[in-house]
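Please read the structure below before turning to the comments.
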Ligand code: AMP
Ligand code: GLY
């Protein structure tokens, strides 16, 4: 297996900090760069704040100057906009799908169409670009239903509607009032599924897929799954109801058929394919595909991996994952992971997920690291006196591992509680079983 010597991570959040950290641990990786990266990753990567994640020209230039041998793309927006296509045209290996493949995340209607053709279980529903059709569908499904903006809406485009009136409001707001802009010109209407959410990511090379251990994100801002949705307030891996062996079964039933269906349409998916699942009494159903590593799922999963990550991502980028798998004991279809648990806690700023307060001094990062945790930066910048201050909604991810979830949880909270800033938000129940009361009351 070939290891890329110089790797560029695109993006600037805690997921990208975790990727940069983990890639730098691999023997043979000499240099990790990040574009734009963030202020807190200097210990693991050379950040290039002047190179935006969406600036393909600047990324290509940086790759040429620094002789980058692999680009790993963190966020979805540059992928949907065609960054991977551009890098491929320049013959720069990239782990991240083409724009055509990234439509799986960029259009929920396209995702439904492909997943349905592939025989992947999903909630009953359909996509519409007219109000009348969507209203008919909502009526025939009966409340509760879910209304989803088709396009990228920064995680805000999904409304769970308890009554027909709520469904009508959500449909009109998206299609007629365009509250999500063009992303809501088309909507998906589907039945509400009751159960527990979990996610399974796989590395894909267009044909082959290798499962990563399952993870669980906690999306609501408040304890007990209350308050508005966020980008994710914390994650754990593994998931008590989806062990590492079960993750490979999910990949067999969800990821591989979708890769095959895309291939049938002439689309090679090379990158991380993330299946957001609802685990119901009748089995697992697909909620969505993302075309990248989850954030904060990556922060919980990457520390568990016991495999040469950079070499595997390069093999996936070059369509030779099956050969690479033979080298690293991957016969069972799972990327080798330590038999341990990891918990990632997100420390968010006051006001998040609305407009976050910024500029508050952050204390205790080194204490948290001294306590044995990993601290990944997201919304931080260097303030007066060289100290870190808050500069975004999700400020830091604090990650700890342990022999089981309880131990990982205890270690993560012990470390996170050493970090403080004004108005810090931290959920206390990350890694505990999610409450299903909400889904059940609506089902
Ligand atoms: P999505 O972006 O499609 O994953 O939806 C965001 C969130 O909305 C999910 O993480 C679920 O919490 C919820 N959700 C989406 N679809 C459904 C569904 N069919 N039933 C219940 N909850 C859903
Ligand atoms: N944590 C969910 C996501 O990355 O979309």
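Could you quote the convex hull projected area for segment 53-95, Cα atoms only and averaged over all directions, in nm²?
Its Cα hull, projected and averaged over all orientations, spans 2.6 nm².
Under the √(5λ) rule applied to the eigenvalues of the Cα gyration tensor, what semi-axes describe the equivalent ellipsoid of segment 280-328? Give them in Å, descending.
Whole-Å semi-axes of the equivalent ellipsoid: 25, 15, 12.
With the radius of gyration and the Kirkwood radius both derived from the Cα set of segment 1-158, what is their ratio Rg to Rh?
Result: Rg/Rh = 1.10.
So for each of 189-196, 300-307 I average, over its residues, the number of other beta carbons within 10 Å; can you give me the resulting order with the highest mean first? Don't skip to the end; give the middle numbers.
Values: 189-196: 19.8, 300-307: 22.6.
With the highest mean Cβ count within 10 Å placed first, the list reads 300-307, 189-196.
Give me the tail of P(r) for segment 390-432 as a percent: Cα-Cα pairs with distance above 15 Å.
Roughly 43 percent, once rounded to a whole number.
Can you give the relative contact order of the chain as a percent, counting alpha carbon pairs under 8 Å and 6+ residues apart?
Over the chain, the number comes to 16 percent.
log₁₀ I(q)/I(0) of segment 139-235 at q = 0.10, 0.16, 0.25 Å⁻¹, via Debye over equal Cα point scatterers, no solvent, to two decimals?
Debye curve over Cα of segment 139-235, log10 I(q)/I(0) at q = 0.10, 0.16, 0.25 Å⁻¹: -0.36, -0.84, -1.22.
Show me, bin by bin at 5 Å from 0, the whole-percent P(r) of segment 92-142 based on Cα pairs.
Going out from 0 Å in 5 Å bins, segment 92-142 shows 4, 17, 20, 19, 18, 10, 5, 3, 2, 1 percent.
How long is the chain along each principal axis, judged by its Cα atoms, biggest number first, in Å?
58, 49, 41
Once the convex hull of the C-alpha atoms of segment 296-443 is built, how many Å³ does it hold per residue, rounded to a whole number? Could the numbers behind the result be given before it?
Working: hull volume 25.7 nm³, N = 148.
Dividing the Cα hull volume of segment 296-443 by its residues yields 173 Å³.
For segment 266-355, what does the convex hull of the Cα positions come to per residue, in cubic angstrom?
In segment 266-355, the Cα convex hull volume per residue is 190 Å³.
Could you tell me the convex hull volume per residue, in Å³, taken over the Cα atoms of segment 218-322?
133
For the chain, what is the calculated [θ] at 222 nm in deg cm²/dmol (nearest 500), taking -39500 (n - 2.57) for each run of four or more DSSP H residues and dividing by its residue count?
Theoretical 222 nm ellipticity from helices: -8500 deg cm²/dmol.
Per the Kirkwood treatment, what hydrodynamic radius in Å, one decimal, follows for segment 182-271 from the mean inverse distance over all distinct Cα pairs?
Answer for segment 182-271: a Kirkwood hydrodynamic radius of 15.3 Å.
Every number here is computed from the coordinates shown, using simple stated rules; none is lab data. Because the structure is a prediction, the values reported are computed rather than measured. Heads up, the Cβs are rebuilt from the backbone with ideal geometry, glycines too, and the neighbour counts pull from every protein chain shown.
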